[in-house]
Amino acid sequence: MEVSAQILKEADVLLAAVLTGAALLFAYDLLRIFRKIAPHKMWLVGVEDLLFWIGGGVALFAMLYRENSGYIRGFVIGGVLVGMLLYNLLLSAWIVAGSVFLIEKILFIISRPFVWTARLFKKPLGFAGRRAKKLLRFLKKELKKIWKTVKIGICKL
């Protein structure tokens with residue numbers, strides 16, 4: 001029994017649709033990872049989502065144009081949804097959680113030398129800062145006294 005070339009082409013289009021759906025959700029997971037590492041305001045999340053879905057629409061159109069001459073077919077949309085669903089059920093949670101964990105550990109390791117350096121200079125700089133603050137307070141009081149004397153002298157003229 002031989003499978004026709006048209007059926008193979010349709011199967012190829014379906015596979016491309018499933019992979020496109022998985023790739024779209026993977027790209028959204030990258031955005032989710034970025035949001036967990038660096039929290040955003042709600043309006044910025046909305047803008048990011050809008051830009052992502054515009055890009056996702058362009059990617060979906062490009063896949064349809066390349067694989068199916070631009071024809072929108074129900075099984076292609078279904079394939080994209082199945083690809084998204086399979087990726088979401090099988091990989092998404094693992095990828096997001098694992099990536100966030102790994103990136104946070106890397107950032108922790110990278111930041112350690114800076115934390116140690118800050119702790120090393122905290123006491124001497126704190127001491128110098130307190131002394132500088134006292135000196136500035138003293139100078140401000142003295143300048144106020146001098147300014148009062150100058151004002152009194154000007155008013156007597």
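What follows draws every value from the coordinates through simple rules; no lab data is involved. For clarity, every value in this text was computed on a predicted model and none was experimentally measured. No Cβ is skipped: glycine too gets one built from the backbone with ideal geometry, and neighbour counts run over all protein chains shown.
A few remarks follow.
- In the stretch 24-34, the residues that are closer than 19 Å to Met84 by Cβ and either free of Cβ contacts under 8 Å to residues at least 40 places away in the same chain or loosely packed, with under 13 Cβ neighbours inside 10 Å (or both): Ala27, Tyr28, Leu30, Leu31
- When each of Glu2, Glu48 is tested for being more than 23 Å from Gly78 (Cα to Cα) and touching a His at 6+ places or on another chain (Cβ under 8 Å), the lone residue that passes is Glu48.
- Scan the stretch 117-128 for residues that are surrounded by 10 or more Cβ atoms within 10 Å (Cβ to Cβ) and of a type outside the set (A, V, I, L, M) and the total you get is 5.
- Pair list, Cβ under 9 Å, 6 or more apart: the stretch 57-77 residue among the aromatic types (Phe, Trp, Tyr), other residue part of a helix (DSSP H, G or I) and surrounded by 14 or more Cβ atoms within 10 Å (Cβ to Cβ): Tyr71/Leu64; Phe75/Glu10; Phe75/Val13; Phe75/Leu14; Phe75/Ala17
- Some residue of the stretch 71-89 being out of contact with any strand residue (DSSP E or B) (no Cβ under 8 Å at 6 or more places or on another chain), over 29 Å from Val18 (Cβ atoms) and surrounded by 10 or more Cβ atoms within 10 Å (Cβ to Cβ): no
- Here Tyr65 passes the criteria (1) within 24 Å of the chain's Cα centre (by Cα); (2) of a type in the set (Ser, Thr, Tyr); (3) surrounded by fewer than 12 Cβ atoms within 10 Å (Cβ to Cβ) except the one numbered (1).
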